[in-house]
There are 2 protein chains.
Amino acid sequence: MTEAKALTKNQTLVLGALSGANGPLSAYDILDRLRPEGLRSPLQIYRALAPLVEQGRVHRLESLNSFVACAHDHTHGHHSHSPVVFAICETCGQVTEFSDEKVAQQLRGWAKDVGFKTGKTTLELRGTCRTCLAA
Amino acid sequence: MTEAKALTKNQTLVLGALSGANGPLSAYDILDRLRPEGLRSPLQIYRALAPLVEQGRVHRLESLNSFVACAHDHTHGHHSHSPVVFAICETCGQVTEFSDEKVAQQLRGWAKDVGFKTGKTTLELRGTCRTCLAA
DNA sequence: TCTCTCTATGTCATGTTATTACATCTGACA
DNA sequence: TGTCAGATGTAATAACATGACATAGAGAGA
């Protein structure tokens, strides 16, 4: 098993901010939370986010222009790279992360048929979660 | 069969610009193309886009912050609302639009299981198309 | 130890995407 | 003709993201 890559100071701060939040944060939201730690510019946030997203420790939600800490465990250095689905509640902001092998398989099948080489997959559901529906 | 809704002048211009393009355009790209027609501000573009997207004549690509004309026929006023998948070639910019009932079904199944009410679904594949792979 | 180099960091400026607020125009129709 | 609603026009600004360049610190090797 490979070791998890060590994080730099700013990466640690950014990941901490996202882990501590109970929903997605924009880069500027993160910046506001980290001003007390001395961060001052958006670029510092974006620079820290890039490798975190790359490593899968943070996900970018394209439909919100914001970021969430990955719900899975990264302390042991490895995780699945099958595409992730995000269900985003527009009422409470909570994001549920899951992956679905059937969906992945189906998309791979389409790609194979038409000769498309898939890199990153974005799959986001916007709607209302069970809790908010009940309320 | 319901009739297609009539478009306003600016909506016609914007849809025309998107139909004429051979790939996705940002709102500001569209604006640049429509300056000769007298459009001057981003808001004019965004205002025209909103109902076009609403009606499904235009799709927004979240991962590119840009827009494409829907590949399907809207002249007869009706089209399927099953979620659409976009395959975006990062080399040539071409966007292929398709829908996959199995994927849709699978996602509906998940939503049902956890009690999530899905509104809009975003499903975008970034990668390389057959043509660009061959080149 | 010195210094070279690589990575991370800091800062300013700017580029790109999207909306708020408010004014004006136009056509339907009472 | 008056007025009302929808479409349009314009300025200003908010929100998201990156380019360019300077600085700091840690580790390798002379």
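Some observations on this one:
- Average beta-carbon neighbours from other chains, 10 Å sphere, peptide A:121-133: 6
- A simple spin-label model places the labels of B:K117 and B:R47 3.2 nm from each other, with each point 7 Å out along Cα-to-Cβ.
- Lysine pairs meeting the criterion (Cα under 23 Å, 8 or more apart or interchain), as found in chain A: 5
- Semi-axis lengths, largest first, of the ellipsoid equivalent to the range B:80-135 are 29, 10, 9 Å, with √(5λ) applied to each eigenvalue of the Cα gyration tensor.
- Shape of the protein assembly as shown from the C-alpha gyration tensor: prolate (a/c of 1.5 or more and a/b above b/c, with a ≥ b ≥ c the square roots of its eigenvalues).
- Rg and Dmax, both from the Cα atoms of the range A:1-77 and both in Å, are 11.9, 37.
- Springs join every pair of Cα atoms under 10 Å in this Gaussian network model of chain A, and among A:G115, A:G56, A:G16 the largest mean-square fluctuation is at A:G115.
- Net charge of Cβ neighbours under 13 Å - reference A:G115; Lys, Arg +1; Asp, Glu -1: +3
- Here the calculated FRET efficiency for B:A6 and A:Q94, from their Cβ-Cβ distance with R0 = 35 Å, stands at 0.30, rounded to the nearest 0.05.
- Candidates A:L107, A:L52, A:L25: whichever shows maximal mean-square fluctuation once chain A is modelled as a Gaussian network with Cα springs under 10 Å: A:L107
- Principal axes of chain A: Cα extent on each, largest first, Å: 51, 44, 26
All of the numbers you see were taken from the coordinates with simple rules; none came from a lab. Everything numeric in this text was worked out from a predicted model, so none of it was measured. When we count neighbours, we look across all protein chains shown, and the Cβ atoms used for this are built from the backbone with ideal geometry, even at glycine.
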